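The block underneath contains the structure these notes are about, expressed in structure tokens.
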Amino acid sequence: MNKLELVEALREQAGITKNEAEVVVNLVFDEMAKAMANGDRVEIRGFCSFYVKQYKAYTGRNPKTGEKVEIKPKKLPFFKFGKELKERVDK
């Protein structure tokens, strides 16, 4: 399912216009992204949680040349499925 399909499903289920459904979907995703950018965890009980992991700087190696490369610290988003989602998928 992609974002457009999600908008269409919301439109059908809620009986609202496509534009209204698109606003709702965009609002949800934007708020989730804002929360994670602030370092907050986003949890949808029974479904999943999104969180940000921080990585320290380290010295890596270029696999092609073998030369040392300094890797800057970074933050990456992660997804963890919930127990109920796991059970629904693993039927």
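The values are calculated or read from the model by the stated rules, or taken from the named source; none is laboratory data. Fair warning: this is a prediction, and the values are worked out from it, not measured in the lab. As a convention, Cβ positions derive from the backbone with ideal geometry for all residues, glycine included, and neighbour counts pool all protein chains shown.
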**Report entry** Within segment 1-17, considering residues that are surrounded by 11 or more Cβ atoms within 10 Å (Cβ to Cβ) and among the small types (Gly, Ala, Ser), the one farthest from Phe29 (Cα to Cα)
**Finding:** Ala14
Query raised in the report: Is it the case that Val25 is free of Cβ contacts under 8 Å to residues at least 40 places away in the same chain and surrounded by 12 or more Cβ atoms within 10 Å (Cβ to Cβ)?
Result: yes
Query - Only one of Phe47, Phe29 that is at pLDDT 95 or above, of a type in the set (A, V, I, L, M, F, W, C) and out of contact with any Ser or Thr (no Cβ under 8 Å at 6 or more places or on another chain) - result: Phe29
